[in-house]
Amino acid sequence: MAVQAHVAGVLLAAGGGSRLGQPKALVQIAGRTLADRGAALLRAGGAAPVVVVTGAADVPVPGALVVRNQDWSTGMGSSLATGLAALPPAAAAVVIALADQPLVGPEAVRRLIAAHTGGAGVAVAAYDGQPRNPVLIARAHWPEVIAAGAGRDVGARPFLRRRPGLVTLVECGDTGRMDDIDTPADLDRITRLVEERDRAADPGHHPEA
């Protein structure tokens, strides 16, 4: 019997957060770590299974397979390779997200998966036409993605720049924001935005102290 193809998720959460002063995977917003929030984003968008790649710090993530990148300090490329290697053979494609972008909405993941279902081998979320994250890549391209990012702190970006003709841009500007948490000031600002979003989605929601 043929194994049904599906789209998996990989969350990159291995960085040490040098400018932030702590590993990003451990940062909590309203009582949830960025690693947990990122995995939940991928699941809510329809990606399964979800692999979370850690490195600088270990963090439990319920509902996800957590794998540690022993070479995390070499950059994001090695973390992406670690995550792809952990996916099951049935995964026909993967949606790659970053732990430090908690304002990305699950609808962006759903739109990328829909684009893949419609025939796209590479789909990139765009915000006002500008390509950002998350990114979907079909399995056939994974070896090239890994080779292009080896030893670099750039994830799939080198592959995407080499193969622009493969990229389908999927507008997601109405589904969330791709702000990064790089500094304590970023964390303060984005924490407020996340809490505002959570309250709007659930008026009875009360962030944990």
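Any read-out appearing in this document is the output of simple, stated calculations on the displayed coordinates, not a laboratory observation. All of these numbers come straight from a predicted model, not from anything done at the bench. Counting neighbours? That spans all protein chains shown, and the Cβs are built from the backbone with ideal geometry, glycine included.
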(message) Give me Rg/Rg_expected for segment 6-201, where Rg uses Cα atoms only and Rg_expected = 2.2 N^0.38 Å with N residues.
(response) 0.93
(message) As a footprinting exposure proxy, order Met178, Met76 by other Cβ within 10 Å, with the fewest listed first.
(response) Met178, Met76
(request) Provide Leu136, Leu87 in ascending order of the number of other Cβ atoms located within 10 Å of each residue's Cβ, fewest first. (result) Leu87, Leu136
(request) Quick one: which residues, 5+ away or cross-chain, put their amide H under 5 Å from the amide H of Arg68? H built at 1.01 Å from N. (result) Thr54
